[in-house]
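See structure below.
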Amino acid sequence: MAQDNFTAYWQPQIAINYPVSPLYSHNFSLVNRNYVVETDNWKFNTRQLDIAHFSKLSLQDNQSIALGIQYRFRNIFEGSSDELRLIQQYNFTSRPLAVRYGHRFRSEQRITRKVTFHRFRYRFSIDFPLKGEKLDIGETFLVVGNENLLSISKGNSPQYDTRLQGQLGWKLDKSLKLLVGMEYRLEDYTATLPQNVFFLLTSCQLSY
């Protein structure tokens with residue numbers, strides 16, 4: 001871990017999914033990111049707090065589009081710029097058997113005080129119950145995924161990132177899921193010194 005290009009975080013999240021109609025729903029989330037390791041120093045400091053809202057429209061049973069807005073509070077924690085993020089998303093899933101395959105395409109405008117970043121993202125994920133073909137209450141499931149990102153901005157070189165994630169989840173009742181997992185990010189991997197970032201993820205998902 002004693003490397004100048006290694007950082008580790010703990011990132012808890014709570015998300016609420018609320019249907020408005022059979023085809024239209026809202027998602028609200030609150031995410032907190034905390035340093036655990038920065039370069040060769042162990043510490044526990046809050047880096048940022050994200051508040052986000054998505055409006056999702058289902059096109060078919062397995063396709064949807066969504067618009068999102070997110071605000072990142074960072075100035076109050078470490079003195080760097082806050083960020084407003086606008087998000088456009090298309091999601092497609094398929095489930096030939098017990099395994100569900102997901103494809104998510106996103107474009108984002110990350111607006112800070114000094115510069116606006118345009119980012120394009122593609123994520124492929126799979127999830128499945130660890131017992132049987134259907135996830136029932138009290139059962140465990142696994143989610144794994146890979147995401148690739150391109151960020152561009154005026155006056156800067158393009159940045160390429162990749163992310164690998166795995167989470168173990170439990171469906172505790174009809175509306176509540178808990179997940180625990182890890183994510184590894186290789187950021188700006190075409191640079192001379194790419195950044196290695198590790199996340200411990202904990203998540204609570206409520207669906208009404």
- Accessible solvent surface per residue of the stretch 105-174, calculated while the other protein chains remain in place, 1.4 angstrom probe, Å²: 62 Å²
- What is the local net charge at L206, summed over the other residues whose Cβ is closer than 14 Å to its Cβ (Lys, Arg +1; Asp, Glu -1)? +2
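Which percent of the accessible area of the stretch 107-208 is formed by carbon and sulfur heavy atoms (probe 1.4 angstrom)?
60 percent
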- Mind checking which lysines have their C-alpha under 24 Å from K134, skipping anything on the same chain fewer than 8 residues away? K171, K174, K177
- Message: Going Cα to Cα from K114, which lysines come in below 26 Å? Please leave out same-chain ones fewer than 8 positions away.
- Response: K154
- What is the distance, in nm, between label points placed 7 Å from the Cα along the Cα-to-Cβ direction at K134 and at L86? 4.3 nm
- Ranked by how many other beta carbons lie within 10 Å on average, peptides 143-150, 73-80 from highest: 143-150, 73-80
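The values are calculated or read from the model by the stated rules, or taken from the named source; none is laboratory data. Because the structure is a prediction, the values reported are computed rather than measured. Heads up, the Cβs are rebuilt from the backbone with ideal geometry, glycines too, and the neighbour counts pull from every protein chain shown. Calculation scope for accessible area: heavy atoms of the full protein, side chains included, ligands and nucleic acids excluded. Shrake-Rupley method; radii C 1.70, N 1.55, O 1.52, S 1.80 Å.
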